[in-house]
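A short worksheet on the structure shown next.
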Amino acid sequence: MRKQLQPIYLQLCSVAVFRKVTELPLFRCFERYCSAQTEAEKRKAYAAFAAEIYAFGGNLTALVETSAFMDENVYVKAKARGQAVNENIQASVEKELKTFSTFASLTPADFAEDLGVNAYLLPSFDSEESDLNEKYALRLKDIDRYGYGIFAAYGMFRVSDDKKIEPIVSADKIGVDSFVGYEEERAKVVENTLAFIEGRPAANTLLCGDAGTGKSSTVKALANEYFDRGLRLIELRKDQLSLLPYVMGEISENPLKFIIFIDDLAFSKSDDNFSMLKAALEGSASAQAENAVIYATSNRRHIIKEAFSDREGDDVHRNDTLQETLSLSERFGLTVYFQKPNKALYQTIVKTLALRKGIDKPDEELFVEAEAFALKKGNRSPRCAEQFIDSLLRAIH
């Protein structure tokens, strides 16, 4: 039995808790379709409706479910905080999710019957029956894993210049099994991250050392690895550290766990951002949320750039300056040092990457070329090894 479109549209008009969902382009296209007066207008609205579904993979049911799961509304926020929900709101949620379930199961044939045409003449899309009440209840049960709002669908985020936390849609998909070497260093970061996820004491972490050794990639790989356990990453540029209190405030009541990631950290001694980060690392109530840790990378152990002139003056002044230079890095509870690989490790990395990429070349020849490549680059590093393997692949193709 085909579904009648007009009654579904009228039910959607009455949605209150999930109101923002009905304002999304997909629902606006459906509204235009149901309000159209001519067949041509209906066909145009239907085409826009199908195009919106195509933009998100081609399945209407999946798109409606994702839209509902990502919505930040009074109901899901109250549930995340463990608060009681007004019975009228609860009843509305159940009715609205039932309406979404009906809407999500619409087929091209339903539209074809409404138009009085053969479904073959219309753009097609996928859909299936769905019980959104049941699925939404399951997500609420594990909301500390799934989250809500934009954090339900994405794992990595940045802060825009107009102070909005926005997803990094094309985020690095690197996995923890991508690395070669540095097992001991990486294990320390993994252990700390697991403690954080599991609600045990965890430390703000500084990953420091030579360039190209995988410090940033390690942090991003962990965000990917533990996405399903409720871990998310928000990247802040060094010049955005004044936004730390804002970011912490935005996530403080969220059930998920967040890594605030600051890449390539270094300050001049007079940098105003220095004091902001220092306050966060000291645990200032306004600067750090309980569900967040700060992970930073730096090519410098002491983070603050020091000039020889900083060492001038009397003994008291000189000691104060040096202590201030060391103080920030020492406020990280965990510091992990990634040093450039020795020749043996570099060769191991090169050989492993070559095997993964299907490059069949004698070890001696491979290592000689890899060493020459490293000399041109200035030093050995995992990044250098990757670039060398990429150069071989380009030569092959």
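For the reader, a short list of remarks on this structure follows.
- Helical content alone sets the calculated 222 nm signal of the chain at -15500 deg cm²/dmol, taking -39,500 (n - 2.57) per DSSP H segment of four or more residues and averaging over every residue.
- Evaluated at q = 0.09, 0.11, 0.15 Å⁻¹: base-10 log I(q)/I(0), Debye formula over Cα of the range 1-159: -0.31, -0.46, -0.81
- Each of the peptides 3-16, 101-114 was scored by the mean count of other Cβ atoms within 10 Å over its residues; in descending order, highest first, they stand as 101-114, 3-16.
- Helix 87-104 vs. the chain, principal-axis angle (Cα, 0 to 90°, nearest 10): 80
- For K238, a cut-off of 30 angstrom between C-alpha atoms picks up these lysines, skipping any fewer than 8 places away in its own chain: K163, K164, K173, K188, K215, K220, K257, K269, K278, K305, K340, K377.
- Sorted on the mean count of surrounding Cβ atoms within 10 Å across their residues, most packed first, peptides 57-63, 257-263 read 257-263, 57-63.
- Quotient of C-alpha Rg and 2.2 N^0.38 Å, computed over the range 144-202: 1.42
- For the residues E184, E72, E128, a 1.4 Å probe over the protein chains yields an accessible-area ranking, largest first, of E184, E128, E72.
- Ordering of 237-250, 207-220, 35-48 by packing [mean C-beta count within 10 Å, highest first]: 207-220, 237-250, 35-48
- Taking label positions 7 Å along the Cα-Cβ direction at both F56 and K20, the computed distance is 1.4 nm, reported to one decimal.
- Share of Cα-Cα pairs in the range 156-236 lying beyond 21 Å, as whole percent: 32
- Quarter of the Cα convex hull surface for the range 58-115, i.e. its orientation-mean projected area (nm²): 4.9
- Sites R81 and Q37, calculated FRET efficiency, Cβ-Cβ separation with R0 56 Å, nearest 0.05: 0.75
- Taking all protein chains as shown and a probe of 1.4 angstrom, I174 keeps an accessible surface of around 30 Å².
- With q set to 0.07, 0.12 Å⁻¹, the log10 of I(q)/I(0) for the chain, from the Debye formula over equal scatterers at the Cα positions, is -0.48, -1.02.
- Extension gain (nm, one decimal) between A211 and V176, 0.36 nm per residue minus Cα-Cα: 10.7 nm
The values are calculated or read from the model by the stated rules, or taken from the named source; none is laboratory data. All figures in this text were calculated on a predicted structure; none of them were measured in a lab. Note: ideal-geometry Cβ built from the backbone for every residue, glycine included; neighbour counts use all protein chains shown. These area figures cover heavy atoms from the full protein model, side chains too; ligands, DNA and RNA do not enter into them. Shrake-Rupley method; radii C 1.70, N 1.55, O 1.52, S 1.80 Å.
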